[in-house]
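Read-outs throughout are calculated quantities, based only on the coordinates presented, and are distinct from any laboratory measurement. On a predicted model such as this, the values are computed, not experimentally measured, just so you know. All Cβ positions, even for glycine, are placed from backbone atoms using ideal geometry, and neighbour counts span all protein chains on display.
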């Protein structure tokens, strides 16, 4: 048994890694995909939309047309971990081929990941530790080499890596020790 503590970051911590235009794109894609998905994806979004999304002119934001909901929902996505998780679950479900390919890529690179269809929204958040040497550029390059004919943006591949792995690159494995050693050296010089 390991002494390592598991640290989770709330789902909306993802916003520190997302450009605002891409966040709008993800929310729009999820809302557009919603009508074609089972109710277990629609229900949490509708419930959270009523609770945390304020659409001007609508008492119940869930009743607003999709184009009117995108902006307010993207704003709520920045503040609500539950809404962020629900939107990401819908977004990932709407891209099953990309989700499977990212899962296979991560497994081939020895990442520990849940099965692609697992309900990641039920986890407390994202793990904060990221494998060393596996930044988004490296992973996007590996994805492009492994699936040269698959059409996906680097943003979509990166977000799917975060979602499928359940990790955000807050702490890169092996780098904390280096910082601690540097800090110790700096304080002993004073």
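Over segment 10-94, the alpha carbon radius of gyration divided by the compact-protein estimate 2.2 N^0.38 Å works out to 0.96. What 222 nm value per residue comes from the helices of the chain, counting each DSSP H run with n ≥ 4 as -39,500 (n - 2.57) and dividing by all residues, nearest 500 deg cm²/dmol? Dividing the helical sum by the residues of the chain leaves -18000 deg cm²/dmol.
Using a simple spin-label model with pseudo-atoms 7 Å out from Cα toward Cβ, residue 21 and residue 107 lie 3.6 nm apart. With respect to the chain, whose longest principal axis is taken over its alpha-carbon atoms, helix 154-165 is tilted by about 80°. Start at zero, step by 5 Å, and the Cα-Cα distances of the chain spread as 1, 7, 15, 18, 18, 14, 10, 7, 5, 3, 1, 1, 0 percent across the bins.
In degrees, nearest 10, range 0 to 90: what is the angle between the Cα axis of helix 96-108 and the longest Cα principal axis of the chain? In the chain, helix 96-108 runs at an angle near 10 degrees to the longest axis.
Of the residues 30, 108, 76, the one that moves most in a GNM of the chain with alpha-carbon contacts below 10 Å is 108. Above 20 Å, the calculated P(r) of segment 48-115 contains 44 percent of its Cα-Cα pairs.
Distance from the Cα centroid of segment 34-69 to that of segment 150-172 is 26 Å (rounded to whole angstrom). Taking the chain as a Gaussian network of alpha-carbon nodes connected by springs under 10 Å, the highest mean-square fluctuation of the residues 52, 157, 138 belongs to 138. Axis angle, to the nearest 10 degrees, between helix 39-52 and the longest C-alpha principal axis of the chain: 90 degrees. Here the label points at residue 118 and residue 153, each 7 Å from Cα along the C-beta direction, are separated by 2.8 nm in the simple model. Starting from a Cα-only point model with no solvent, please compute log10 I(q)/I(0) by Debye for segment 108-157 at q = 0.16, 0.28 1/Å. Normalising to I(0) and taking log10 leaves -0.62, -1.21.
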